[in-house]
Structure formats: structure tokens, C-alpha cells
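**Student:** Below is the structure I would like to discuss, written out as C-alpha cells.
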Amino acid sequence: MSNPKFVYFFGAGEAEGEASMRNLLGGKGANLAEMNRIGLPVPAGFTITTEVCASFYANERNYPEQLANQVEESIAKVEQVMNAGFGNTDNPLLMSVRSGARASMPGMMDTVLNLGLNDATVQGLIKQSGDERFGYDAYRRFITMYANVVLGMEHHHFEEMLQKKKDAIGKEEDTELTATDWKELVVQYKAHVFKKTGNPFPEDPHEQLWGAIGAVFSSWMIKRAITYRQLNGIPDDWGTAVNVQAMVFGNMGDDCATGVAFTRNPSSGENSLYGEYLINAQGEDVVAGIRTPQQITIKGRKEQNSELPSMEESMPKMYQEFASICNQLEQHYRDMQDIEFTIQKNKLWILQTRNGKRTTKAAIKVAVDLANESLISTEEAIGRVAPADLDQLLHPAIDPNAERHVLTRGLPASPGAASGQIFFTADDAEFEAQEGKAVILVRDETSPEDIHGMHAAQGIVTARGGMTSHAAVVARGMGRPCVSGCSEIHIDFEKEICTINGTILNRGEWMTIDGATGEVLSGQVPTLEPEMSKEFSEFMRWGDDVRRMDVRTNADTPHDAKVARNFGAEGIGLCRTEHMFFEADRIVAMREMILARDVKGRRKALNKILPMQRGDFKEIFYEMRGLPVNIRLLDPPLHEFVPHELEGQKSVATAMGLTVEEVTQRVEEIREFNPMMGHRGCRLGITFPEIY
């Protein structure tokens, strides 16, 4: 191609791209183009394609030579549509620069907002808004974000300077700082940049833009993004697009707002608008947990027991327009949508839509409901739920009859219940989980850097953040229980303790969380297996109508067999008899049999094992009611059954009338290592026929 196209413009109801170009424009870019095509109010902008990302990495981080001219042409179009000038000191056009891979990777890559501000254009923004405080607040946000994302500086340095400023003037909240305060911080921030980098903060908006574009492309290969792709099966060579879009502001006053909403409840699947917003705020304030967000609907406010007015109450006209657009988007995409929006001076702007992440419970309900609403076919509904995700439905719930000591309540951010030992850093959570511990990760708030610890944890608790915070969204996607916004939790990282309403919990103590109710409980609390919904039954029935295979299960105990039948298994494909003996009251007899020195000793232990196994088989066959059951003869990796700790060896020695030294020696004799070619399969029965 002599003149390849690398930049696609969108704005004013027109777009060069469309929904079908997701691989080239990324999910966000394709959706921005598509929303323009259906006439929604979307700030103008342009998308730099994923092909440029591939070229960027293939050519030592250099761009195709045609790119610069195409970017300049698109900037001119955005200026025309938005009636503002990029770098204009009287009426400045500011930009956001965001990533957009073809598969959603929320929070994993970098973003820069308010790009285009400098000492001159900030005066134009002040003139435009009539608010000096707003202008310098936007400027300090831009410097902080640009320095972190583009210049590689630590974010916390700027937070520390801000905290010192608040301490000096006796203020607690960011909203209490004046225009003069922000102006002084801007000077301090820029001086800090110069001190750390040796260069002044860039004043040229075009230099800022290319710095941000490079940073977003570079963020495709940062650790958290790579980890997320590995966990979600996203290929590295897909690359990301870059979306450059005109800024609109939700923090110009009380007739402004910003928020995130789902067209249906992402936890339950209920067909009800669900989300959070903040008046006079920028988008990152909603998801970062800096301020407590408010509910979109009256229904949501009542469910959260919040006294803060919902958007439906405080901005009824904007709410009606937004609810109408949500319905339009869901009808157009034929799926539940996750929508970001901003209201600037009582004008609604839609910044993004994408298919909303949801729990498996919600995915099944949404798929079944959409099929019953005739938006999709039953075959499409089946394809909407990943087979591996059905495992989420096996997550236990807290036994309602169990004794419980509730320490605090937060927001029910992701359903399911889990018990674990508490740890306060992602690294600790990952390490302790690898050591075999059940872990609850407790954080002030999570960030994309915490993803490895979140994946390792049984559940997640945060002191800040709402139902659309990073912790909530990522936990739901992973199928982890999560409770967010527990404001009574105070963590002392140095002492490795947390205090909850006066109760002190040390690192490693047990905690139980209920992601369905938002409760945080002390200790280990019993849980129950979930019951299947009518939507699940309907969904599985549709699957039965189109499947070509029968499905059997792996089940080794009567309980496993019963659960499998409840899920529709048509027999047992593999019953591993050695798995019948892991329970505490059985493993001692199994160890006696394995460690016995002669036939007599083995027969003595086998006489204890036989009635256990007979009883299990009787119940397994009862649960299967004539369906096939394939039984594998005893095939134990022997070393897995014997105790390797001294206490366990003492217990076996007592039961067998042996010395601890004799047991220890026998344990060493049968030690196996990969590829586990010790006594396996039929050879155990050949050597010791009395077992079979």
C-alpha cells in the first residue's frame, strides 16, 4: 500500500471507522466510531491503529513516517468540531490520550488527561470556564499524570507535596484548596520535575501529545499489562490502539458530573441501571476511591443505604437522557454495556461503551434474559458464557445458621464467600498463596500493580473505592469475592496490622468475607454450596438441545457425585479410589497400609479401609442411579499420603506401635519425585496383591 492509513477520525456524528474494525481500532476506538455513527454525543477525536503499535515495537520504537501528518490532519478536524484550538491561549482544546486494545484490559495500560495545558493555555481554560480554581486544579492533575506516565516519575512524590500543602493550611480535603493553593502547587510540581529529570516540564502541546502517545504504546509491555494478558489469554502481538479525544470536564461546577454505569447489574444480572457518579469531579475520582461515589438510581441508593442523593434525584433531566442512551446502546450492541460519561455545564457526553464485565451468575441471567427479550438467539446466549467461567457458580456462600462476628460492612463488590489469612501487600499475598495458605488481600485500595496478589488471593477487601473501583471490576472478572469501600478499616503497613472498629488484626490472622452482602467477619466461618437459579437450569437446557456429547464427571466421593448429578453429569468418567482417603479420619488407616512392612500389617490396615470404601461406593452408585461409573484401581502417589512433618509422623507411629524413627525411615524409602515413576497403577497391585 503506497499511502497506508494509520489514523481514523470520529466526531459530529461521522466516523472513518466502525464497529467491525475492532482488530485495527481496538475495542474502545471501534466503539467510539460506532457511537458517532448512531448519533450519540461523543467528544471528537481520532484513533491511532494497532498496526502502529506493532510497527512501534518492530522498528525500535519509531513511528511510520506518514503518521505525523495524519495526526496533524485529525487534530485540525477535532479543532473544527469542538470549536477550540490545540495550544490556543484564548480557547484551548485539551485532549485525553488513552489505550484501547481489541480485548478489554481495564486499568492495565496508561492514560493521560488534560493534555495541552501550559502556563499560557491554563489562562484560556480559566477564561473559558470562569473559574480560576478549576483551571489550576486541572493543570496540577495534568502535571502529576504526565510526570508519572510519560516521564516515569513516582506518583507518590506529588501526593506527598499535596499532603504537606494541606497540612500547612489546615485542610483535609482536596476540594478545600483554593485557586492560589493549586497555583502554588503547580509551581512546586514543575520545579520537582526539573529537579528529577534535569529538564523543564514540556510547555509545547504537540511535544506533550507525542510523549503521551509513546507512553501509551510503551504501556502495552509493562508488567501489569503482560500479567493481565497471560491470565486472560490475550496474545502479545495484538497490540493496542491509542485514542486521542477532546476533553470534556465534569469538574467545572455543580452543573457538571462524571460517572460509570452498567445497563444491568454486573453482579446479579438484574435488568436495572447500575452505577455511580460524582458531581463536580473528573473520571478518575470515581474509580480511584478518593471520594465516596453516589448511586445513579434511587433504587441503587436505597440498596446501599446511602443518604447521598442519586443522579436520578439531583440531575433528573440528565438522568432521563442518560437512561435513554443506555437503552439505545444495549439494543444496538445486543449486550449489557459498561458506559463512562461526563456532564459538562448540563450537557451529557458519552466517553466510552464496551460490553460490561460480569460475574458468571450475571452472565447466565443476562444471556437468558436477552434471549427471552428476542435480542439474541438461544445459540448466541450459550456462546455468551465461557465454559471455564461456569466454575464461578461453585463458589460457596456463608452458612446463614453459622455464628458470625461482623467486624464491618462495605460494598458487595463481587459475590462469593471466602476465608483466609490476611496480608496487606500483593507480593505477600502471592508468596503466601504459593506456600499453600488461603489468603485474603486487604488494601486501602488496589491498583493495576496489585493484579498478581489479587489473582493469588481467595478474596479481596479494600478500605476505599466503590462498586466500579479497580478492585471491584477486576475481582468480578476473576471470580474472586470482593468487599470494597470498608471505611472503618485502617491499615498500618509498618506494624503489619489493621484496625476495624477497634478490633486489631495482625498479619496472618483469619478473616471471612461475604462479597454478596459486603460483610467482613472475624475468623473462619462455615460456608454452603450455592443453589442453582432457574436461569441456570434454562441455560443448561438450551445447551442440552445443541450439544453433541454426553458429559461425565470426575468424582471420588458421594458428595462429589451428588454435586455432579445436580449439574447434569451423566455418569462418572473417572473415580480415583485413592482420593477417598484424604479426610482426617481416614488418612491414618491409609498411612498404616502404605507404611506397613509386611502382609500382616497391610491386611490389618486394609480391614479398616474396606468398610469405608464399600460405604462410599454404595452411596456413589446410589447418586448415579444406574449411570456408568468408571473406577480406577488404587493408584496413589504414595509419598503424598505419608506425613512429612514430625507431628504427623508421631501420630502414625502411635497408631502402628512403631518408633518415630522407623516411620521417618519408611517415609524416606517411598519418597518420589517427578516423573513420579515409583509404584503407580497396576504395579502396586502386582507387588502387594492383598491390596486389590
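The values are calculated or read from the model by the stated rules, or taken from the named source; none is laboratory data. Keep in mind that this is a model prediction, so the values were computed, not measured. Positions of Cβ are backbone-derived with ideal geometry, glycine not excepted, and every protein chain shown enters the neighbour counts. In case anyone asks, the SASA skips ligands and DNA or RNA and just uses the protein heavy atoms, side chains included. Shrake-Rupley method; radii C 1.70, N 1.55, O 1.52, S 1.80 Å.
**Student:** R548 - would you say it is among the basic types (K, R), outside any strand (DSSP E or B) and touching a residue at least 40 places away in the same chain (Cβ under 8 Å)?
**Tutor:** no
**Student:** Test each condition in (1) assigned to a loop (DSSP other than H, G, I, E, B); (2) under 30 Å from N83 (Cα atoms) for G269 and report the one that comes out false.
**Tutor:** Tallying (1) assigned to a loop (DSSP other than H, G, I, E, B); (2) under 30 Å from N83 (Cα atoms), G269 fails exactly one: (2).
**Student:** Continuing with the same structure: Among residues belonging to the range 486-535 that are touching a Leu at 6+ places or on another chain (Cβ under 7 Å), at pLDDT 90 or above and over 15 Å from V406 (Cβ atoms), point out the one that is surrounded by the most Cβ atoms within 10 Å (Cβ to Cβ).
**Tutor:** Ranking the candidates gives C498 first.
**Student:** Are there any pairs, at least 6 apart or on different chains, whose C-beta atoms fall under 7 Å, with the first in the range 173-199 and closer than 18 Å to G253 by Cα and touching a residue at least 12 places away in the same chain (Cβ under 8 Å) and the second among the charged types (D, E, K, R) and open to solvent by 70 Å² or more (accessible area, probe 1.4 Å), and if so, which?
**Tutor:** So the pair list comes out as L177/K171; A179/E132.
**Student:** Which members of the range 233-248 meet the condition of being farther than 14 Å from G26 by Cβ and open to solvent by less than 10 Å² (accessible area, probe 1.4 Å)?
**Tutor:** Scanning the range 233-248 gives a single hit, A246.
**Student:** For the subset of the range 434-451 comprising residues that are surrounded by 21 or more Cβ atoms within 10 Å (Cβ to Cβ) and in contact with a Phe, Trp or Tyr (Cβ under 9 Å, 6 or more places away or on another chain), which member is modelled with the lowest pLDDT?
**Tutor:** The extreme case among them is P448.
**Student:** Can you tell which of Y139, Y189 is over 18 Å from T89 (Cβ atoms) and of a type in the set (F, W, Y)?
**Tutor:** Y189
**Student:** Ok, one more. For residues in the range 9-43 being over 30 Å from the mean Cα position of the chain (by Cα) and open to solvent by less than 30 Å² (accessible area, probe 1.4 Å), which is nearest to Q80 (Cα to Cα)?
**Tutor:** Checking each candidate, the answer is G11.
**Student:** A further question follows. (1) open to solvent by less than 80 Å² (accessible area, probe 1.4 Å); (2) hydroxyl-bearing (S, T, Y); (3) part of a helix (DSSP H, G or I): which one isn't true of T258, the others all being true?
**Tutor:** T258 satisfies every listed condition except (3).
**Student:** When the range 243-269 is examined, which residues are found to be farther than 30 Å from K127 by Cα and in contact with a strand residue (DSSP E or B) (Cβ under 8 Å, 6 or more places away or on another chain)?
**Tutor:** A261, F262, T263, R264, N265, P266, S267
**Student:** Would you please name the residue that is nearest to Q649 (Cα to Cα), looking only at residues in the range 575-588 that are open to solvent by less than 20 Å² (accessible area, probe 1.4 Å) and touching a residue at least 40 places away in the same chain (Cβ under 8 Å)?
**Tutor:** Per the stated criteria, the residue is F581.
Residues are listed down the side, and each one gets a yes or a no for (1) touching a Cys at 6+ places or on another chain (Cβ under 7 Å); (2) of a type in the set (D, E, K, R); (3) surrounded by fewer than 17 Cβ atoms within 10 Å (Cβ to Cβ):
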| site | (1), (2), (3) |
| --- | --- |
| R548 | no, yes, yes |
| T553 | no, no, no |
| H559 | no, no, yes |
| R565 | no, yes, no |
| G573 | no, no, yes |
| M590 | no, no, no |
| A605 | no, no, no |
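**Student:** Only one of these conditions is not met by K183: (1) under 21 Å from A120 (Cα atoms); (2) open to solvent by less than 30 Å² (accessible area, probe 1.4 Å). Which number is it?
**Tutor:** (2) is the only condition that K183 fails.
**Student:** Here's a follow-up. Which of the residues that make up the range 58-78 are in a loop (DSSP other than H, G, I, E, B) and either in contact (Cβ under 8 Å) with a residue 24 or more places away in the chain or among the hydrophobic types (A, V, I, L, M, F, W, C) (or both)?
**Tutor:** Applying the first criterion (in a loop (DSSP other than H, G, I, E, B)) to the range 58-78 yields 59-66.
Within the range 58-78, R61, P64, Q66 meet the criteria.
**Student:** Next question, about the same structure. Enumerate the helices (runs of 4 or more DSSP H) found wholly within the range 79-170, keeping only those where 1 or more residues are buried (at least 18 other Cβ atoms within 10 Å of the Cβ) and hydroxyl-bearing (S, T, Y).
**Tutor:** The helices (runs of 4 or more DSSP H) meeting that bar are 121-129, 132-149.
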